[in-house]
Amino acid sequence: MARFILKRIGLGIVLLWLVVTVVFLALHAVPGDPAAILLTSEGSGGVTPEALEKVRQQLGLDQPVLVQYRDYLLGLLQGDLGTSFRNTSSTVASYIGARLPNTLELVFAAALIAVVVGVPLGALAARRGGWIDTVISTLTTLGISMPVYVIGTFFVLIFALQLGWFPAGGFTEFSSDPIEHLRKLLLPAVALSFGITSVVARMTRSAVLETVAQDWVRTAKSQGLPRNTVFSRHVLRNSLNPVVTTLGLEIGSLLGSTVLVERVFTWPGMGSLLVDSVNARDYPIVQGVVIVIAALFILINIAVDVLYGVLDPRARH
Amino acid sequence: MGYRSGLKKWLVAAVIAPVMILSGCSGSGDSGSLDAGSGELNTTLRIALSADVADLKPSRDQGAAAMMLDTLIHRGLLGYDGNGDVVPALAESYDVNETNTEFTFHLREGLKFQDGSDLTSENVKKTLEFLASSDSGAKIFATMSDLDSVETPDAQTAVVKLKNPNVAFPAYLADTTAAILPEEAFSAEGTAWSGAGPFILEETNPGVSFTLKKNPDFYDAANVNFEDITITIYADGQARLNALLAGDADLMDFVPWESFSQVESNSDLVLDGQSGPWMYLHFNVSNGSPLANEKVRQAIALAVNRENVATSAFSGQATVTAGAPIAEGSEFYNAELANGWSQNVEKAKQLMAEAGYADGFDAVLLSSSQYAFHQDTALSVQPDLEAIGIRTTLDSPDWATRQQKAAEGQYDIAVAGSAGVVNDPSFLVNFVTGPAANNRSYGFDDPELNQLLAAGLTAAPGADRVAAYDAVQARIIETVPFASLVARTQAFAYTNKLTGFSNIPGFLTFESGYTLVGAKLAA
């Protein structure tokens, strides 16, 4: 088993190195001079070649790409993700350290809403059928098909501008004002949860309908167990396995959906950091963000592989 | 049944209660207030800003958002008032010699930087010399490169000598990037987060917000009515406007053009727009290119429908500019020359034929998809160019790529948007001469135009200068170093409780943060 785990970790490290290399080379291959972006804005231009050269030297961009690549890898081996081009007094790690928790908080809040709302909705649709099923199925179809930025904008319009219940966007540190932090979290989290809630509800409905058709359910009912007990203690519980699996996969994809919600609600997460950094050609931050996200996925995959290996020894081979 | 009913109630309560509690909690950022005699004033101003400023670097042009921070944290020798007139700042006065080559600045007494150190004429000397160094990346380098020397006879006096006369020199020193900074700002890794302005940076949350507090040592602190300013970054225009509409902000910059009417229809808000940066086409005039022929460039300038650009790219919130971009209110505005390129498609076709391109030619039209108004401008002029036989292929990469392609001449015709450093027409030099750059025609050089621009800097104020810049404008109409399209309206929006703030006209719109000294926010 130890050999199996080591093999998976080794494979993960090779994969991470490949990601680092591809991202590094891709960034240096695309046009767009980071020095020129730092020295000019949309409404200006015309900087001297000497100024451009000086900034390139300060950023290390005057070195051959292979030298830059070597230095970057050596830094990575020491746990150094580098410093931002735009803010040379801030490390990439500090940027990611500030943004990653915000994104994870948004994603897990959305996932929590999906479980709290999606599972009961799916169970209700399966159990009641009829018009309730039709309404819930229609709502979940809408939830899956509506783009998250449309939902977000709609929420801002209704709950912030019309009703004035919540802020239109922004961010407050939890440590400085917990209530304000949660007020600003709620709308983006609910907007982000629409898609995943719908998927969870539909998956729950399908799983419950499948479970209800099992022979043992009929047996339980025929033995006189109350219908509610059969449903809540046996049917629903036995239906949750595929729901949990789907939820896990959806949480991964939510990480990629946050960028639009972050834009609409001005929530400072990894998505907006990545987009801004690509636009500014801030190579170290782009590389750092991609590496951290890739490492997270690789770690999750290793954990799943190891778990499969534990559950089914055949998978180790 | 009773159990289910009870459970349902609990579930509903569990979901609704936190929402009600959260929505009921006041999110207002309002803080302290003071009684200023005529009524309660709010001492905290909340600004919704259009972009983050990752790091403030001395002297660089880092865009509109950085300029807002600059005007709050820094001060130069001179500044601007709400009308765009140059006014004293750190220098309480200055003298000029007859030839406009020597400027003597008299500093105020007791000036201090925000770190508590004294601000003297030595700091002025260091700052101006940095601005004049070719590798500084200074926004006003083109002007400062004429610096001959800075003498400091005493701690309160700085004598600035130029190699050539420059009537407009004070206007350049009033720009935010000419702020006087402590010496450490000019080191290799130096930043400009400290200065001698009305506010001190207290806290920054990268990409999220800045918190500023009043600088008690500011020379005009008595006129500063805000104890704190919180700046929140809302990169999306609609999100920024939403923050203002929802009462989360008191002032926003860069109002999206399509939202002007929404702000105007709200009686609680003020829309403060001014004709600002201008959009234009520039050309690759390398040898062998059809665009090297000035008749082709004249044809393009005459072919474009500028009203269409204003409508399609700026929701009508732009002013047609059919000559050199000099605002109508300026003393240098010449109605005839300002309309020298009024649309005349037949004449444009005739010029194409005279240039030997009666059948037209293929060209790459460079724009950028990152700014919708740049791309819409390109889409608007494309059929106009087609009408005179110029068949364009649109190249619309992201902004970084666009800038590189423009600087390297990888285009035939490019859409650009820009602003002069000052409203004085001397700014035109940045758009017609100098090394290859992203904002001017690649390979263009007109010695005669350069001489005319130099003459404009030496001409005596009044009729002589007006005549000098008439000649500059006439030469621009003839040689078309760029083809102006429109001047876009740049607007701030703010609550009607805010008074004293004003959008400075013309290219100085981005310097409007200066007017927050003296501004008041009613509680």
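The values are calculated or read from the model by the stated rules, or taken from the named source; none is laboratory data. Computed from a predicted structure; not experimentally measured. Positions of Cβ are generated from backbone atoms using ideal geometry, with glycine treated the same way; all protein chains shown enter the neighbour counts. Note: accessible area is taken over every heavy atom of the protein model, side chains too, but ligands, DNA and RNA are not part of it. Shrake-Rupley method; radii C 1.70, N 1.55, O 1.52, S 1.80 Å.
Checked against the criterion of being without any contact (Cβ under 8 Å) to a residue 12 or more places away in the chain, more than 10 Å from chain A (Cβ to nearest Cβ) and open to solvent by 10 Å² or more (accessible area, probe 1.4 Å), the candidates B:Ser194, B:Ser187 yield just one match: B:Ser187. In this structure, B:Leu428 does not satisfy being aliphatic (A, V, I, L, M), without any contact (Cβ under 8 Å) to a residue 60 or more places away in the chain and within 24 Å of B:Ala292 (Cα to Cα). Which of the residues spanning segment A:26-54 are among the aliphatic types (A, V, I, L, M), within 7 Å of chain B (Cβ to nearest Cβ), in a helix (DSSP H, G or I) and without any contact (Cβ under 8 Å) to a residue 60 or more places away in the chain? A:Ala36, A:Leu39, A:Ala51, listed by residue number. Taking every residue in segment B:42-69 that is on the phi > 0 side of the Ramachandran plot and pairing it with any residue that is part of a helix (DSSP H, G or I) and surrounded by 22 or more Cβ atoms within 10 Å (Cβ to Cβ), at least 6 positions away or on another chain, the pairs with Cβ-Cβ distances below 6 Å are B:Ser59/B:Leu131; B:Ser59/B:Thr177. The residue of segment A:271-285 that is farthest from the other protein chains (Cβ to nearest Cβ), among those that are aliphatic (A, V, I, L, M) and buried (at least 24 other Cβ atoms within 10 Å of the Cβ), is A:Ile285.
If I filter segment A:77-92 for residues that are touching a residue at least 40 places away in the same chain (Cβ under 8 Å), assigned to a helix (DSSP H, G or I) and loosely packed, with under 14 Cβ neighbours inside 10 Å, do I get at least one hit? The answer is no, given that none of the residues of segment A:77-92 is touching a residue at least 40 places away in the same chain (Cβ under 8 Å), assigned to a helix (DSSP H, G or I) and loosely packed, with under 14 Cβ neighbours inside 10 Å.
Scanning segment B:46-86 for residues that are under 19 Å from B:Gly420 (Cβ atoms), part of a loop (DSSP other than H, G, I, E, B) and modelled with pLDDT under 90 yields B:Ser59, B:Asp61, B:Gln62, B:Gly63. Taken residue by residue, segment B:484-505 has no member that is in a helix (DSSP H, G or I), touching a helix residue (DSSP H, G or I) at 6+ places or on another chain (Cβ under 9 Å) and surrounded by fewer than 18 Cβ atoms within 10 Å (Cβ to Cβ). Among the criteria (1) in a loop (DSSP other than H, G, I, E, B); (2) touching a helix residue (DSSP H, G or I) at 6+ places or on another chain (Cβ under 8 Å), the one B:Thr319 does not fulfil is (1).
In this structure, does B:Pro425 turn out to be open to solvent by less than 10 Å² (accessible area, probe 1.4 Å) and more than 14 Å from every other protein chain (Cβ to nearest Cβ)? Criteria met by B:Pro425. When B:Lys347, B:Lys405 are checked against the criterion of being of a type in the set (Lys, Arg), surrounded by fewer than 19 Cβ atoms within 10 Å (Cβ to Cβ) and assigned to a helix (DSSP H, G or I), B:Lys347 stands alone in meeting it.
Yes/no matrix, rows are residues, columns are (1) surrounded by 19 or more Cβ atoms within 10 Å (Cβ to Cβ); (2) among the polar types (S, T, N, Q); (3) farther than 20 Å from A:Val116 by Cβ:
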{"position": "A:Thr172", "(1), (2), (3)": "yes, yes, yes"}
{"position": "A:Val190", "(1), (2), (3)": "yes, no, no"}
{"position": "A:Gly195", "(1), (2), (3)": "yes, no, no"}
{"position": "A:Pro226", "(1), (2), (3)": "no, no, yes"}
{"position": "A:Pro242", "(1), (2), (3)": "no, no, no"}
{"position": "A:Gly248", "(1), (2), (3)": "no, no, no"}
{"position": "A:Thr258", "(1), (2), (3)": "yes, yes, no"}
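Can you spot a residue in segment B:260-270 that is within 14 Å of another protein chain (Cβ to nearest Cβ), buried (at least 24 other Cβ atoms within 10 Å of the Cβ) and touching a strand residue (DSSP E or B) at 6+ places or on another chain (Cβ under 8 Å)? No, segment B:260-270 contains no residue that is within 14 Å of another protein chain (Cβ to nearest Cβ), buried (at least 24 other Cβ atoms within 10 Å of the Cβ) and touching a strand residue (DSSP E or B) at 6+ places or on another chain (Cβ under 8 Å). Of all residues in segment A:173-194, those being over 18 Å from A:Thr258 (Cβ atoms) and among the hydroxyl-bearing types (Ser, Thr, Tyr) number 2. Comparison of B:Val421, B:Val466 shows that the only residue that is assigned to a loop (DSSP other than H, G, I, E, B) and either in the same structural domain as B:Arg75 (by TED's automatic domain parsing) or in contact with an Asp or Glu (Cβ under 8 Å, 6 or more places away or on another chain) (or both) is B:Val421. Within segment A:56-67, is there a residue that is aliphatic (A, V, I, L, M), under 29 Å from A:Pro268 (Cα atoms) and not in a loop (DSSP other than H, G, I, E, B)? The answer is yes, given that some residue of segment A:56-67 is aliphatic (A, V, I, L, M), under 29 Å from A:Pro268 (Cα atoms) and not in a loop (DSSP other than H, G, I, E, B).
Would you pick out the residues in segment B:212-245 that are open to solvent by 30 Å² or more (accessible area, probe 1.4 Å), part of a strand (DSSP E or B) and closer than 22 Å to B:Gln62 by Cβ? Once the filter is applied, which keeps residues that are open to solvent by 30 Å² or more (accessible area, probe 1.4 Å), part of a strand (DSSP E or B) and closer than 22 Å to B:Gln62 by Cβ, segment B:212-245 yields B:Thr230, B:Thr232.
Residues to consider are A:Asp305, A:Asp276; find the one that is modelled with pLDDT of 75 or more, among the charged types (D, E, K, R) and in a helix (DSSP H, G or I). Show your work before the answer.
Details: A:Asp305 fails: modelled with pLDDT of 75 or more.
Unique residue meeting the criteria: A:Asp276.
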